[in-house]
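Notes to accompany the following structure.
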Amino acid sequence: MPEKRPTNILWLTTDQQRYDTIRALGNSKINTPNIDRLIGEGVAYSNAFCQSPVCTPSRASFLTGRYPRTTRCRQNGQQMPADEILLPKMFADAGYRCGLAGKLHLASCSDQKIEKRIDDGYHDFHWSHHPQPDWGDTNAYTAWLSRKGKTWDELYNQPPSGSAYWKSGIPTEHHQTTWCAEETIDFITENKDQPWFFTFNCFAPHHPFDPPAEFLERYDPADMPLPKTRAGELNSKPSFQKLDAEWAHNSKGEFYTGAMTDDDRREVCAAYYAMCEHIDHEVGRILATLDETGQADNTLVIFMSDHGEMLGDHGIYFKGPHFYDEAVRVPLVLRLPGVFEGGEIRDGLVELIDLASTMLEVAGVEAPPHRLQGKSLTDPQFKREHVFSEYYNSWTHGDAYGSMLRTADEKIVIYHGTGQGEYYDLREDPDEFTNRFKDPECSERVRALMQQCFDASVFTMDPGPEREGPF
């Protein structure tokens, strides 16, 4: 009998994509035929949660299988400690060829230079953080454009086509998402005769909302839903949310949401959906390459996002210290014949840190001892009693420190040192409009969930180093 081929890993990670942006999972306003196909052939998780609602701590977490406080990479702009072990490093040590296209964001790159790397295991490192015209020639995407004879001035600084909130962006053939897909296709084609691990990390659908025109034209703003809001709801919410309902990016002025009309909000939704459909198109090209090269049967395909996007719900855009489901609940789809197959949609609670244990198990790669904090998803019955997410001064909003615990039916959020919090009974209030944190009728449930949240924070401590004796 021929020797069984090792399981390849294709990890497709988008940036700031909400859980409700896939047609097969219930959104009839969006077109995602290729991700729908992936769901039909694999397994989708309808209640998957990230461990932080902003980029760096979330990515540090799922790339190590460890909670943000454990990785010590808790904020955008922090450097991943050199003694952390990333998944691509584990796979590289096991003989896999490892590659990346797009962003990594485990260190600051705010000086517009390539971010500092630890020993991350990537042999092929095609890095580009975000595709805007504030970069020089320090990233692979800009170099790719140059090879095609294109410049930023030509592609990006076109006459205005949109509004203060959205615009028609770089054409599809020169878009960063397209470039990420082409690097992915080249890698899996060139390495088809050896085991490989590849991460596709496009910047879309992260703001600014600027999809290629050909995808934007497919969405009529008049057909788009308005954000979920309720008059007066912010009166019972933490104080900073009122400011966020006026300014996107907490008064730094990326745009003034307080001036938006309903038409503006629908247009932003159309642009966001168009960005998601462009991603879906490129996913389709990648899946077709797996088929054409005969690698689909021995490749674990993962589709997910690092965190969500508020998209105007509760009056808020972008992200921040928010633990609404729109911010922390993400799409998650896995496909691997014989393991994740059959078009099943599992609604049990899972966390993104569970992916590390899953990948290592299906590939037969041994994890470093006393490192991982997640559980493998290979057991179809596996689900968590609760999920935990944290925000420790991670981005804007000054000294905002928050912890969230969510069960299937309830959610508690604590903003440490402020006396503020949020409690939602999701059975009665699934859209999280009515904050009952200080409602006397809910005091016993709030107290019990606060205890659970505190316990969860304690149990996210580093499981290592190994205890070598009783004293």
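Considering only segment 227-237, I want to know if a residue exists there that is under 30 Å from Glu182 (Cβ atoms), part of a helix (DSSP H, G or I) and touching a residue at least 24 places away in the same chain (Cβ under 8 Å). No, because not a single residue in segment 227-237 is under 30 Å from Glu182 (Cβ atoms), part of a helix (DSSP H, G or I) and touching a residue at least 24 places away in the same chain (Cβ under 8 Å). Exactly one residue among Glu173, Glu182, Glu115, Glu154 is touching a Cys at 6+ places or on another chain (Cβ under 7 Å) and surrounded by fewer than 21 Cβ atoms within 10 Å (Cβ to Cβ), and that residue is Glu115. So, of the residues in segment 339-364 that are touching a Leu at 6+ places or on another chain (Cβ under 9 Å) and in a loop (DSSP other than H, G, I, E, B), which turns out to be surrounded by the most Cβ atoms within 10 Å (Cβ to Cβ)? Going through the qualifying residues, I end up with Leu352.
Taking (1) out of contact with any Cys (no Cβ under 7 Å at 6 or more places or on another chain); (2) crowded, with 16+ Cβ neighbours inside 10 Å in turn, Tyr423 satisfies each apart from (1). Listed by first and then second residue, the pairs with beta-carbon distance under 7 Å, at least 6 apart or on different chains, first residue in segment 247-266 and over 20 Å from Ala222 (Cβ atoms) and hydroxyl-bearing (Ser, Thr, Tyr), second at pLDDT below 90 and in a strand (DSSP E or B), are Tyr256/Trp247; Thr257/Trp247; Thr257/Ala248. For segment 426-453, filtered to residues that are more than 24 Å from Gly398 (Cα to Cα), within 28 Å of the chain's Cα centre (by Cα) and among the hydrophobic types (A, V, I, L, M, F, W, C), the residue that is surrounded by the fewest Cβ atoms within 10 Å (Cβ to Cβ) is Leu426.
Apart from one condition, Leu336 fits all of (1) surrounded by 23 or more Cβ atoms within 10 Å (Cβ to Cβ); (2) under 19 Å from the mean Cα position of the chain (by Cα); the exception is (2). Can you tell me which residue within segment 190-204, out of those that are within 26 Å of the chain's Cα centre (by Cα) and over 15 Å from Gln17 (Cβ atoms), is surrounded by the fewest Cβ atoms within 10 Å (Cβ to Cβ)? Filtering segment 190-204 for residues that are within 26 Å of the chain's Cα centre (by Cα) and over 15 Å from Gln17 (Cβ atoms), the one surrounded by the fewest Cβ atoms within 10 Å (Cβ to Cβ) comes out as Pro195. Filtered by the rule that a residue be modelled with pLDDT under 95 and of a type outside the set (S, T, N, Q), segment 63-83 gives Pro68, Arg69, Arg72, Cys73, Arg74, Gly77, Met80, Pro81, Ala82, Asp83. Looking at Pro227, Pro212, just one residue is of a type outside the set (A, V, I, L, M, F, W, C), farther than 30 Å from Phe437 by Cβ and surrounded by 14 or more Cβ atoms within 10 Å (Cβ to Cβ), and that residue is Pro212.
The values are calculated or read from the model by the stated rules, or taken from the named source; none is laboratory data. All figures in this text were calculated on a predicted structure; none of them were measured in a lab. No Cβ is skipped: glycine too gets one built from the backbone with ideal geometry, and neighbour counts run over all protein chains shown.
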